[in-house]
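Single-structure report; data block below.
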Amino acid sequence: MKNKLSTRLTPLQIYKLLPKTNCKLCGHTCMSFAIKLLQREVTLEQCTPLFNDPKYAENLKQLQELIAPLLSAMQTLIQIDEDKCIGCGNCVIACPANVAIEPAVAKGINPRTTDVVFTVEDGKIKMLNLDKCRRNPPHRLNCNICEIVCYSEAIKVIA
Amino acid sequence: MKKLTDIPCTGCSLLCDDIVIDVSDGSISKVYGSCSHGTKRFKEVLATRLLEAKIFENGITRSVATEDAIDKAVEILSSAEKVLVYGFENSTNETIELGLALAEKIGGTFDTSPSICHLTVPLLEKYGVRIGELEEILDKADFIVFWGANLADTHLRQASRYSVFPRGEIVKTGRENRIVATIDVRKTKVTRIAQHQLIVNIGEDLDLISKIQDAFSQESSTEDDVAGISQLSFATFMHDLKNATFVAVFVGSGVMYSINVDQIIENIVKLVKSISTKKTCTVTPLAENLNSMGVTLISKKKTGFTYAIDFSNGSPVSNPSVTSVTNQLLRGNFDAAIIVKSDIFTHIPRSATKQLLKIPTIALEEIPTLVSEFASVTIPVTLTGLETGGYITRTDGKKIELKPFLKPPKNMFSEEEVLRKILSKI
């Protein structure tokens, strides 16, 4: 578990690589920009000094590497590796949102309707309604039950 | 397109009965709810199946009609002195009964692939320990132990469908109310979902069992590490075990790889017995193959033994060190073999395989395997659970009725029909 948490992106990791001048050219302080970047409310390009000043070139390179998984993640900041998925269904049954939508899921039965967040189809996880996930903005809960119950580390919470 | 619901899956011995399947024009287009093993069973088996009966004679393989292949099989079996009747761990209960009847009729030896059930079931009866039913465990178990079981490789939906995650009648919040412990010699994928991850030194299972027994009965705590497990981990494990009300122990095939496997299983069963004096405690073997439990229970009921049953003296005898398939093959006892849906080459050592290749073999198979490749007579059979029905015994001993939903190809029989024909002609 400790290892898992440490792989997550934190605002401080981003902040460290920003100019830290609080110039507010982007409209935020640097710390605020880091938080908003993590929530994908702003883009890295909005921080103009980072691109214009050659002394930040190394930082920019590191930042781009750091946030690469963030940009490829879903809106709930989760990445799913379908190749790793073995279709055990742990995530589908453990998901509180799934159970709230379809109570039969509580008994371990795979969802029958397409109203749930996700289901198992052809032996792989399949996203149906991402907006019903508890991690979905704006009411983002820091839920990661699907990640911690996954046997094969196919589900990864990015931040 | 037709949507079929509640189809039992024949991917493993859990027989999950909540599978939804889309069928169109005799083929399966989508499978909902099954794990990757089940999906493979449903979708790939149709594409790779055997379609033609074959006879290998004088160095030439020729395709024949199924009836001719059956006649040839009868000829081989009738002329043989002693026959090996092997397999059945992927067959229906009805077929297993026919297999036993065949072995008895021709005075052969009935054996099946090695399974944890063979060793566990007789001990459960001996010590009066209850086998844990999966539904009961779902509703009540608040302490679950996986002993030598890596569910992420063998029984993928065990935790999500029957034990850890579902919310039961008494264990209302599911995982939050349950404590999961894994006992294994290494870290496996299933340890990710366990609160207690006990990693035992190889060969020290017996030591661990006796320490658990002592700590449970004497209320004492150990000062030292136990079988490679730190004192703190062991103490917290024991604390949770003592506070639990319903303990469910699952024994997996990992235990089979120990040298003193008989002793370990016997001691686990004894431990369960002593825990059950203070609280409910059950043990459930996790059958490796689809119907390993069925083979075990049916042969136990019919003959009193669970595997390596020899009928050559009329009455059934089982002494695995003498009558097991490997020992008899090495001594060159058999002069013919009939293998029913079992890849025997992966179960026996190379030296025994060489002996097996010398004798005529009859293979009843759904899909091409090494056995069907090398057999003298290969008879394709219809797909159990997809094209033919019957009953299969789940890993906890409950009988599940299959619901076939596809039409079998013409001129192809089920394994049950083939065996019935062979039995009537011998």
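Connecting C-alpha atoms closer than 10 Å in a GNM of chain B, tell me which of B:A53, B:A352, B:A181 has the biggest fluctuation.
Greatest mean-square fluctuation among the candidates belongs to B:A352.
Connecting C-alpha atoms closer than 10 Å in a GNM of chain A, tell me which of A:V42, A:V92, A:V117 has the biggest fluctuation.
For chain A, modelled as a Gaussian network with Cα springs under 10 Å, the answer is A:V42.
How many partner chain Cβ atoms sit within 10 Å of a residue's Cβ in peptide B:28-34, on average, as a whole number?
What the average comes to for B:28-34 is 5.
If amide H atoms are built 1.01 Å from N in the plane of the peptide, which residues on other chains or at least 5 residues away come under 5 Å of the amide H of B:T280?
Amide H neighbours of B:T280, under 5 Å, 5+ apart: B:V247.
Using only the alpha-carbon atoms of segment A:78-157, report the extent along each of the three principal axes, biggest first, to the nearest angstrom.
Reported extents, whole Å, longest axis first: 29, 26, 18.
Would you report the distance distribution of C-alpha pairs in segment B:346-426 as whole percents per 10 angstrom bin, up to the bin with the largest distance?
With 10 Å bins starting at 0, P(r) equals 16, 35, 34, 15, 0.
Just to be sure I understand: with springs between alpha-carbon atoms less than 10 Å apart, which residue in B:G314, B:G252, B:G11 has the highest mean-square fluctuation in the Gaussian network model of chain B?
Of the options given, B:G314 has the highest mean-square fluctuation.
Please compute the volume of the convex hull spanned by the alpha-carbon atoms of segment B:287-394 and report it per residue in Å³.
121 Å³
Karplus couplings for segment B:362-377 from phi (6.51 cos²θ - 1.76 cosθ + 1.60, θ = phi - 60°), rounded to Hz, Gly and Pro as x?
The phi angles translate into 10, 10, 9, 9, 8, 10, x, 10, 4, 5, 5, 5, 9, 6, 6, 10 Hz.
Write down the Kirkwood hydrodynamic radius of segment B:2-42, to one decimal in angstroms, obtained as one divided by the mean of 1/r over all alpha carbon pairs.
On the way: mean 1/r = 0.0997 Å⁻¹.
Evaluated on segment B:2-42, it is 10.0 Å.
Convert each backbone phi in segment B:338-343 into a coupling constant with the Karplus relation 6.51 cos²θ - 1.76 cosθ + 1.60 (shift: θ = phi - 60°), then list the ³J(HN,Hα) values in order as whole Hz, x for Gly and Pro.
10, 10, 10, 6, 8, 8
What do you get for trypsin sites (Lys or Arg not before Pro) in segment A:7-85 restricted to DSSP loop and a cutoff of at most 11 other Cβ within 10 Å of the site's Cβ?
Working: sites: A:R8, A:K16, A:K20, A:K24, A:K36, A:R40, A:K55, A:K61, A:K84; in loops: A:R8, A:K20, A:K24, A:R40, A:K84.
Answer in residue order: A:K24.
So for the pair B:E373, B:N327, with labels modelled 7 Å out along Cα→Cβ, what separation do we get in nm?
3.1 nm
Once every Cα of segment B:120-260 carries one equal point scatterer and solvent is ignored, give the base-10 log of I(q)/I(0) from the Debye formula at q = 0.15, 0.17, 0.18, 0.22 Å⁻¹, two decimals.
-0.77, -1.01, -1.13, -1.55
Using amide H atoms built in the peptide plane, which far-off residues or other-chain residues are under 5 Å from B:F413 H to H?
B:T382
Over all pairs of distinct alpha carbons, what does the Kirkwood formula give as the hydrodynamic radius of chain B, in Å?
Kirkwood radius, chain B: 22.8 Å.
Please say if chain A is rounded, prolate or oblate, where rounded means a/c under 1.5 for a ≥ b ≥ c the square roots of the C-alpha gyration tensor eigenvalues, and otherwise the choice is prolate for a/b larger than b/c and oblate otherwise?
prolate
Show me the trypsin sites (Lys or Arg not before Pro) within segment B:132-205 that DSSP assigns to loop and that have at most 12 other Cβ atoms within 10 Å of their Cβ.
When the trypsin sites (Lys or Arg not before Pro) of segment B:132-205 are filtered for loop state and at most 12 Cβ neighbours within 10 Å, B:K172, B:R186, B:K187 remain.
Please report the Cα spread of segment B:157-237 along all three principal axes, rounded to whole Å, starting with the longest.
Principal axes ranked by extent give 37, 28, 18 Å for the Cα atoms.
Using the Cα atoms of segment B:16-63, I'd like the radius of gyration and the largest Cα-Cα distance, Dmax, both in angstrom.
16.1, 49
Cα axis of helix B:36-48 to longest principal axis of chain B: angle in degrees, 0 to 90, nearest 10?
Orientation of helix B:36-48: about 10 degrees from the principal axis.
To the nearest 10 degrees, how steep is helix A:57-72 against the longest Cα principal axis of chain A, on a 0 to 90 scale?
20 degrees
Step through the residues of segment B:326-331 one at a time and calculate ³J(HN,Hα) from phi using the Karplus curve (6.51 cos²θ - 1.76 cosθ + 1.60, θ = phi - 60°), rounding each to whole Hz and writing x for Gly and Pro.
5, 4, 6, 5, 5, 7
So how far apart, in nm, are the two label points at A:L66 and B:L423 if each is 7 Å from Cα heading toward Cβ?
With each label point 7 Å from Cα toward Cβ, the separation is 7.2 nm.
Measure of size requested: the Rg and Dmax of the protein assembly as shown, with Cα atoms as the atom set and Å as the unit; please supply both.
28.1, 95
How big is the C-alpha Rg of segment A:2-72 next to the rule-of-thumb value 2.2 N^0.38 Å, as a ratio? All intermediate terms of the calculation are to be shown ahead of the outcome.
Numbers: Rg = 11.9 Å, N = 71, 2.2 N^0.38 = 11.1 Å.
Output field value: 1.07.
Give a quick list of GluC sites (Glu not before Pro) in segment A:103-158 that DSSP marks as loop, anything other than H, G, I, E or B, with at most 13 other Cβ atoms within 10 Å.
Here the GluC sites (Glu not before Pro) that fit, given the DSSP loop and packing criteria, are A:E153.
According to a simple spin-label model (label point 7 Å from Cα along Cα-to-Cβ), what is the distance in nm between A:N129 and B:K403?
In this crude label model, B:K403 to A:N129 measures out at 2.5 nm.
Counting Lys and Arg as +1 and Asp and Glu as -1, what is the net charge of the other residues whose Cβ lies under 15 Å from the Cβ of B:P404?
Spelling it out: positives minus negatives among the neighbours equals -4.
Can you give the % of DSSP beta bridges in segment B:117-285 that are antiparallel, to the nearest 5?
Values: 1 of 22 bridges.
Antiparallel bridges make up about 5 percent of those DSSP assigns within segment B:117-285.
Count charges around B:N90 for me, please; just the other residues with Cβ under 11 Å from its Cβ, Lys/Arg as +1, Asp/Glu as -1.
Cβ neighbours under 11 Å give a net charge of -4.
So what's the projected area for segment B:210-307, the Cα convex hull averaged over all directions, in nm²? Can you show the working numbers first?
Working: hull surface 30.4 nm².
Computing the convex hull of the Cα atoms and averaging its projections yields 7.6 nm².
Every number here is computed from the coordinates shown, using simple stated rules; none is lab data. Predicted, not measured: the structure shown is a model, and the values here were computed from it. We place every Cβ from the backbone using ideal geometry, glycine too, and count neighbours over all the protein chains shown.
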